[in-house]
Amino acid sequence: MTKILIADDHLVVRAGVKIILSQAFDSLQIEEAQDYEETKNKVQKTNFDLLILDINMPGSKNKEMIKELREIDNNLRILIFSGYDSETYAVQYIIAGANGYINKLFSENKIVEAVKSIIETDYYYPPNIVNKIIKASSDKNQFLPLKKLSKRELEIANLLVQGDGNIEISNKLNIQMSTVSTYKNRIFEKLSIKKLVDLIYLLEESKHY
(Lines give C-alpha, C1' and ligand atoms only; values in the text may rest on other atoms or scores of the structure.)
Protein backbone atom coordinates (compact mmCIF):
# COMPACT_ATOMS: atom_id res chain seq x y z
CA MET A 1 0.00 0.00 0.00
CA THR A 2 1.31 3.44 -0.98
CA LYS A 3 1.44 5.90 1.92
CA ILE A 4 1.06 9.60 1.14
CA LEU A 5 1.13 12.60 3.46
CA ILE A 6 -0.55 15.82 2.27
CA ALA A 7 0.84 18.81 4.16
CA ASP A 8 -1.10 22.02 3.60
CA ASP A 9 -2.75 24.52 5.92
CA HIS A 10 -5.94 24.74 3.86
CA LEU A 11 -8.52 22.04 4.57
CA VAL A 12 -10.15 22.47 1.18
CA VAL A 13 -6.83 21.92 -0.60
CA ARG A 14 -6.03 18.81 1.41
CA ALA A 15 -9.50 17.40 0.86
CA GLY A 16 -9.40 18.15 -2.86
CA VAL A 17 -6.03 16.51 -3.43
CA LYS A 18 -7.09 13.52 -1.34
CA ILE A 19 -10.19 13.00 -3.48
CA ILE A 20 -8.20 13.35 -6.73
CA LEU A 21 -5.59 10.81 -5.67
CA SER A 22 -8.08 8.37 -4.14
CA GLN A 23 -9.96 8.26 -7.43
CA ALA A 24 -6.79 7.84 -9.51
CA PHE A 25 -4.90 5.22 -7.48
CA ASP A 26 -5.72 1.95 -5.77
CA SER A 27 -4.49 0.95 -2.32
CA LEU A 28 -3.62 4.38 -0.99
CA GLN A 29 -3.21 5.35 2.64
CA ILE A 30 -3.46 9.14 2.86
CA GLU A 31 -2.75 11.21 5.96
CA GLU A 32 -2.88 14.98 6.42
CA ALA A 33 -0.90 17.67 8.23
CA GLN A 34 -1.85 21.32 8.57
CA ASP A 35 1.50 22.84 9.55
CA TYR A 36 5.20 22.06 9.42
CA GLU A 37 5.49 20.86 13.01
CA GLU A 38 2.73 18.31 12.48
CA THR A 39 4.38 17.30 9.21
CA LYS A 40 7.67 16.54 10.95
CA ASN A 41 5.94 14.59 13.70
CA LYS A 42 4.10 12.41 11.21
CA VAL A 43 7.22 11.78 9.12
CA GLN A 44 8.99 10.66 12.31
CA LYS A 45 6.24 8.15 13.09
CA THR A 46 5.45 6.78 9.63
CA ASN A 47 7.52 5.81 6.59
CA PHE A 48 5.64 7.64 3.86
CA ASP A 49 6.25 6.88 0.19
CA LEU A 50 5.51 10.49 -0.74
CA LEU A 51 5.08 13.85 0.96
CA ILE A 52 3.10 16.51 -0.90
CA LEU A 53 4.44 19.64 0.76
CA ASP A 54 3.06 23.17 0.75
CA ILE A 55 5.91 25.66 1.17
CA ASN A 56 3.81 28.42 2.74
CA MET A 57 2.07 26.66 5.60
CA PRO A 58 2.55 27.79 9.24
CA GLY A 59 6.04 27.02 10.55
CA SER A 60 7.49 26.77 7.03
CA LYS A 61 11.26 27.03 6.73
CA ASN A 62 11.21 27.15 2.94
CA LYS A 63 14.01 25.06 1.35
CA GLU A 64 15.43 24.20 4.79
CA MET A 65 12.41 21.94 5.31
CA ILE A 66 13.73 19.52 2.70
CA LYS A 67 17.02 19.09 4.54
CA GLU A 68 15.30 18.61 7.90
CA LEU A 69 12.80 16.10 6.56
CA ARG A 70 15.55 14.15 4.79
CA GLU A 71 17.41 13.91 8.11
CA ILE A 72 14.32 12.26 9.58
CA ASP A 73 13.73 9.95 6.60
CA ASN A 74 16.39 9.93 3.89
CA ASN A 75 14.19 7.86 1.58
CA LEU A 76 11.22 10.24 1.74
CA ARG A 77 10.14 11.52 -1.67
CA ILE A 78 9.00 15.14 -1.58
CA LEU A 79 6.70 16.81 -4.09
CA ILE A 80 6.56 20.58 -3.57
CA PHE A 81 2.99 21.85 -3.91
CA SER A 82 3.00 25.61 -4.32
CA GLY A 83 0.80 28.50 -5.30
CA TYR A 84 3.79 30.17 -6.96
CA ASP A 85 3.79 29.65 -10.72
CA SER A 86 7.50 30.33 -10.96
CA GLU A 87 10.22 28.37 -12.76
CA THR A 88 12.78 29.99 -10.46
CA TYR A 89 11.07 28.62 -7.34
CA ALA A 90 10.77 25.19 -8.93
CA VAL A 91 14.47 25.04 -9.80
CA GLN A 92 15.52 26.24 -6.34
CA TYR A 93 13.54 23.56 -4.54
CA ILE A 94 14.56 20.78 -6.91
CA ILE A 95 18.23 21.71 -6.58
CA ALA A 96 17.68 21.68 -2.79
CA GLY A 97 16.59 18.05 -3.06
CA ALA A 98 12.86 17.95 -3.80
CA ASN A 99 11.73 15.17 -6.12
CA GLY A 100 9.36 17.45 -7.99
CA TYR A 101 7.43 20.71 -8.07
CA ILE A 102 3.84 21.38 -9.10
CA ASN A 103 1.62 24.43 -9.00
CA LYS A 104 -1.67 24.35 -7.13
CA LEU A 105 -3.43 25.59 -10.25
CA PHE A 106 -2.39 22.52 -12.22
CA SER A 107 -5.20 20.39 -13.63
CA GLU A 108 -6.25 17.20 -11.87
CA ASN A 109 -4.53 15.18 -14.60
CA LYS A 110 -1.24 17.02 -14.06
CA ILE A 111 -1.38 16.42 -10.32
CA VAL A 112 -2.00 12.71 -10.88
CA GLU A 113 0.79 12.63 -13.49
CA ALA A 114 3.25 14.21 -11.06
CA VAL A 115 2.40 11.84 -8.21
CA LYS A 116 2.54 8.80 -10.49
CA SER A 117 5.88 9.88 -11.90
CA ILE A 118 7.47 10.31 -8.48
CA ILE A 119 6.11 7.00 -7.19
CA GLU A 120 7.37 5.14 -10.27
CA THR A 121 10.56 7.02 -11.20
CA ASP A 122 11.40 9.07 -8.07
CA TYR A 123 11.03 12.44 -9.78
CA TYR A 124 8.77 14.83 -11.66
CA TYR A 125 10.42 17.70 -13.49
CA PRO A 126 8.12 19.74 -15.76
CA PRO A 127 9.70 19.85 -19.26
CA ASN A 128 9.93 23.65 -19.26
CA ILE A 129 12.37 23.70 -16.33
CA VAL A 130 14.73 20.82 -17.20
CA ASN A 131 17.23 23.09 -18.98
CA LYS A 132 17.16 25.55 -16.09
CA ILE A 133 17.87 22.70 -13.67
CA ILE A 134 20.84 21.60 -15.75
CA LYS A 135 22.29 25.12 -15.81
CA ALA A 136 21.80 25.66 -12.08
CA SER A 137 22.66 22.17 -10.90
CA SER A 138 26.35 22.42 -10.08
CA ASP A 139 29.65 23.96 -10.99
CA LYS A 140 31.16 22.65 -14.22
CA ASN A 141 34.46 22.10 -12.42
CA GLN A 142 32.76 19.26 -10.56
CA PHE A 143 32.06 17.38 -13.80
CA LEU A 144 32.78 13.66 -13.54
CA PRO A 145 33.41 11.86 -16.87
CA LEU A 146 30.85 9.23 -17.76
CA LYS A 147 33.63 6.93 -18.95
CA LYS A 148 33.47 5.58 -15.40
CA LEU A 149 30.28 3.77 -16.43
CA SER A 150 30.11 0.50 -18.30
CA LYS A 151 28.16 0.33 -21.57
CA ARG A 152 25.14 -1.17 -19.78
CA GLU A 153 25.32 1.39 -16.95
CA LEU A 154 25.42 4.23 -19.45
CA GLU A 155 22.45 2.73 -21.28
CA ILE A 156 20.43 2.60 -18.05
CA ALA A 157 21.57 6.10 -17.07
CA ASN A 158 20.18 7.48 -20.32
CA LEU A 159 16.87 5.68 -19.80
CA LEU A 160 16.60 7.09 -16.28
CA VAL A 161 17.14 10.61 -17.56
CA GLN A 162 14.51 10.07 -20.26
CA GLY A 163 12.00 9.41 -17.48
CA ASP A 164 11.81 5.61 -17.52
CA GLY A 165 11.21 3.91 -14.19
CA ASN A 166 12.46 0.52 -13.05
CA ILE A 167 9.52 -1.29 -14.66
CA GLU A 168 10.01 0.36 -18.06
CA ILE A 169 13.77 -0.24 -18.03
CA SER A 170 13.24 -3.83 -16.96
CA ASN A 171 10.90 -4.41 -19.89
CA LYS A 172 13.03 -2.58 -22.46
CA LEU A 173 16.26 -4.35 -21.53
CA ASN A 174 14.67 -7.66 -20.54
CA ILE A 175 16.29 -7.72 -17.11
CA GLN A 176 14.90 -8.09 -13.59
CA MET A 177 13.68 -5.01 -11.71
CA SER A 178 16.07 -5.87 -8.88
CA THR A 179 18.90 -5.77 -11.43
CA VAL A 180 17.80 -2.31 -12.56
CA SER A 181 17.91 -1.11 -8.94
CA THR A 182 21.40 -2.56 -8.54
CA TYR A 183 22.61 -0.79 -11.67
CA LYS A 184 21.03 2.49 -10.56
CA ASN A 185 22.77 2.33 -7.17
CA ARG A 186 26.07 1.48 -8.88
CA ILE A 187 25.72 4.42 -11.31
CA PHE A 188 25.08 6.88 -8.51
CA GLU A 189 27.97 5.48 -6.48
CA LYS A 190 30.45 5.62 -9.37
CA LEU A 191 29.53 9.21 -10.20
CA SER A 192 29.37 10.28 -6.53
CA ILE A 193 25.87 11.67 -6.94
CA LYS A 194 22.71 11.28 -4.90
CA LYS A 195 19.96 12.78 -7.06
CA LEU A 196 18.64 12.20 -10.55
CA VAL A 197 19.01 15.90 -11.27
CA ASP A 198 22.79 15.46 -10.92
CA LEU A 199 22.71 12.63 -13.46
CA ILE A 200 20.77 14.84 -15.88
CA TYR A 201 23.44 17.49 -15.49
CA LEU A 202 26.31 15.08 -16.07
CA LEU A 203 24.77 13.54 -19.18
CA GLU A 204 24.05 16.98 -20.63
CA GLU A 205 27.55 18.22 -19.87
CA SER A 206 29.12 15.12 -21.41
CA LYS A 207 27.86 16.30 -24.80
CA HIS A 208 30.37 19.16 -24.63
CA TYR A 209 33.39 16.91 -23.98
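The values are calculated or read from the model by the stated rules, or taken from the named source; none is laboratory data. These numbers were taken from a predicted model, which means no experiment stands behind them. So basically every Cβ, Gly included, is an ideal-geometry build from the backbone, and we count neighbours across all protein chains shown.
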Next item on the list: Check off (1) touching a helix residue (DSSP H, G or I) at 6+ places or on another chain (Cβ under 8 Å); (2) surrounded by 15 or more Cβ atoms within 10 Å (Cβ to Cβ); (3) modelled with pLDDT of 70 or more; (4) not β-branched (Val, Ile, Thr) for residue 204 and give me the number that stays unchecked.
Entry: (3)
Check: Among 193, 129, 118, 187, which is modelled with pLDDT of 70 or more, in a loop (DSSP other than H, G, I, E, B) and of a type in the set (A, V, I, L, M, F, W, C)?
Finding: 193
Next item on the list: Return the residue satisfying two criteria in turn: it lies in region 83-114 and is among the acidic types (Asp, Glu) and touching a residue at least 12 places away in the same chain (Cβ under 8 Å), and of such residues it is nearest to residue 199 (Cα to Cα).
Entry: 87
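Could you tell me which residue of region 32-61 is surrounded by the fewest Cβ atoms within 10 Å (Cβ to Cβ), considering only residues that are in contact with a Lys or Arg (Cβ under 6 Å, 6 or more places away or on another chain) and either of a type in the set (D, E, K, R) or touching a residue at least 40 places away in the same chain (Cβ under 8 Å) (or both)? Explain how you work it out, then say what you get.
Looking only at region 32-61, we keep the residues that are in contact with a Lys or Arg (Cβ under 6 Å, 6 or more places away or on another chain), and these are 32-33, 48-50.
If we keep only those that are either of a type in the set (D, E, K, R) or touching a residue at least 40 places away in the same chain (Cβ under 8 Å) (or both) as well, we get 32, 48-50.
Details: 32: 19, 48: 22, 49: 17, 50: 23.
Step by step, filter region 32-61, then rank; the result is 49.
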Checklist line | Residues within region 50-75 that are modelled with pLDDT of 95 or more and either more than 25 Å from residue 112 (Cβ to Cβ) or charged (D, E, K, R) (or both), tallied | finding: 0
Notebook entry, point to check: For region 12-27, what are the residues that are surrounded by fewer than 17 Cβ atoms within 10 Å (Cβ to Cβ) and touching a helix residue (DSSP H, G or I) at 6+ places or on another chain (Cβ under 8 Å)?
Noted result: 20, 24, 25
